[in-house]
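The values are calculated or read from the model by the stated rules, or taken from the named source; none is laboratory data. Predicted model, so just to flag it, every value in this text is computed and none were measured. Here the Cβ positions follow ideal geometry from the backbone for every residue, glycine too, while neighbour counts run over all protein chains shown.
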Amino acid sequence: MYVQSLTIDATYHLSPSLLKVLLAVNGSLSILTAFITGERIIESILIVSLFMIVLVTYHQIVFERNERKMMYEDLLEEYRKAKRLNVTANNNARIEERAKIARDIHDSVGHQLTALIMKLEVLSIQNPHINYNELKKMAKNSLEETRTAVTALQTEEHEGISSVVQLIRKLEAESHLHVQFTIKQGALSFPLTNQKSVVLYRIIQEALTNAMRHSQAREAKVTLATSATSDLSFEIRNAVFQPVSFSYGFGLTNMKKRIEEVEGTLTIQQTNESFIVFGTIP
């Protein structure tokens, strides 16, 4: 009985070939013991054979299960490695693209604005009776915004809804437009890339600008949520005081182009009381 207990315990640790050797030795010892003690040899052989068959079958099941488990763990580890490499490659590609955009903006727009400011300074000297201060102020503000954008592109990107909300709050303070924000469950933690964050901000910015310019609205409602398809949905709604038909001008057309760049959707509609911009970002 003690030998059989050891044999069962060995099932968990030995390879199939070693287990067969152990079973053969165990069976031989059992039959030899039965022969020496005068027990029935045939019955002993049958019992030992049955025990060996059951044990071998059980060992095979355990061994195959362990093999499958090890194979699964190896595959899972390889998948995780591949996923980490893919994320790293995507991050590197995104960083390189951002750096390229920053250089292009700096070399083109930045230099042109600097040249414009210098020309305005020259014109101010040549024509002292003409006030160029407003134009110089606009050019300098544009140059400062360009430098801010270049700096942001060159630094580590900060993804997420929170950065978009901060930008909208800043726009709200500058434009004196009251924005009522509603962020539903799941939206705040939605993983937005830098590109999608910019698209979302620009669309909300354009919608709020249109609300002030065309509807004379001083208040707007912005709602962020997650849709049934696990996309991020957004809605900008403002009151319409004098309903008129709208057409896709530069601003609305630019919205559609931006959302298409990130494979999102955009719907614009107007009722007798509200102007609504609704969209989704995957």
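Figure legend. Inter-residue proximity from the range 217-231: first residues within 17 Å of Leu192 (Cα to Cα), second residues basic (Lys, Arg) and part of a loop (DSSP other than H, G, I, E, B), beta-carbon distance below 6 Å, spacing 6+ or different chains. Indicated pairs: Ala225/Lys184.
Considering (1) modelled with pLDDT under 80; (2) loosely packed, with under 14 Cβ neighbours inside 10 Å, the lone condition that Asn133 does not fulfil carries the number (1). Selection of first residues in the range 253-272 that are without any contact (Cβ under 8 Å) to a residue 12 or more places away in the chain and of second residues that are of a type outside the set (Asp, Glu), restricted to Cβ pairs under 6 Å at least 6 apart or on distinct chains, gives the following pairs, ordered by first then second residue: Lys256/Leu266; Gln269/Ile276.
Annotation: of all residues in the range 173-212 being farther than 29 Å from Glu263 by Cβ and without any contact (Cβ under 8 Å) to a residue 24 or more places away in the chain, the one that is surrounded by the fewest Cβ atoms within 10 Å (Cβ to Cβ) is Glu174.
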